[in-house]
1. Taking a 1.4 Å probe, which of Met143, Met76 shows the most accessible area, and what order do the others take after it?
2. Apply the Debye scattering formula to the range 1-132, with a single equal point scatterer on each alpha-carbon and no solvent, then give log10 I(q)/I(0) at q = 0.10, 0.19, 0.22 Å⁻¹.
3. Relative contact order of the range 23-107, please, whole-number percent, based on alpha carbon pairs below 8 angstrom and at least 6 residues apart.
4. Most fluctuating residue of Leu92, Leu11, Leu138 in a GNM of the chain with Cα springs under 10 Å: which is it?
5. Between His139 and Tyr49, what is 0.36 nm times their sequence separation minus the Cα-Cα distance? Round to one decimal in nm.
6. Give me the one-decimal Kirkwood hydrodynamic radius in Å for the range 54-117, with the sum taken over alpha-carbon pairs.
7. With unit charges on the beta carbons (Lys and Arg positive, Asp and Glu negative) and the dipole taken about the Cα centre of the chain, which residue among Gly3, Asn147, Leu73 sits farthest to the positive side?
8. Calculate, in whole percent, how much of the Cα-Cα pair population of the range 1-48 lies beyond 14 Å.
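The values are calculated or read from the model by the stated rules, or taken from the named source; none is laboratory data. A quick note: this is a predicted structure, and the numbers were derived from the prediction, not measured. Backbone-built Cβ (ideal geometry, glycine too); neighbour counts: all protein chains shown. Accessible surface areas use protein heavy atoms only, side chains included; no ligands, DNA or RNA. Shrake-Rupley method; radii C 1.70, N 1.55, O 1.52, S 1.80 Å.
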Amino acid sequence: MGGRNIFIFDLDDTLYQKDKDNKVFSIINSDLLKQLNGIKIIFSNAQYYYCLDFLKKIDILHHFSAVYSADTLEGMKPSIGVYQKVARLTGLTSVDRVFFFDDIGVNLINAKNIGWHTIHIDQNYNKEDPTSISSSKLHFIDMTYNNINNALYDIIHLPRP
């Protein structure tokens, strides 16, 4: 029997993005988040109170079973120790399918090293532009999207193993 689907999200510039005037312009579609079949977790380098405050402001806190932050983990990404701590706290097993979403490429390296599927959220990524050099060509990035909603849509519609 297969394991669980675990969806681990960074917060800043992953679940929302800001324009040049510092205004939020892309907030995660709550309906897509609801459609994800599995456990949803926040894993952020921000402080715990900031994570909770922002998740409440955009009304998606109720979707997440845990919020792990730099202060609660006593460390920050990209240190491999914090990824291992998240894995332990979540009770991950070798048969679980873990999807990790982050906007910072270096934060995806250790996620990939411990076997997680890595999804880079890069607001400058344009998959339609064949001349652009995609960060998805890096060995530690499984997929790249210009926003979280496109990533979630594709993951929701992936064929089941």
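1. Descending accessible area places them as Met76, Met143.
2. Each listed q corresponds, in turn, to -0.32, -1.16, -1.49.
3. Reported relative contact order: 26 percent.
4. Leu138
5. Contour length minus the Cα-Cα distance gives 29.0 nm.
6. Kirkwood hydrodynamic radius for the range 54-117: 12.8 Å.
7. Value: Gly3.
8. 61
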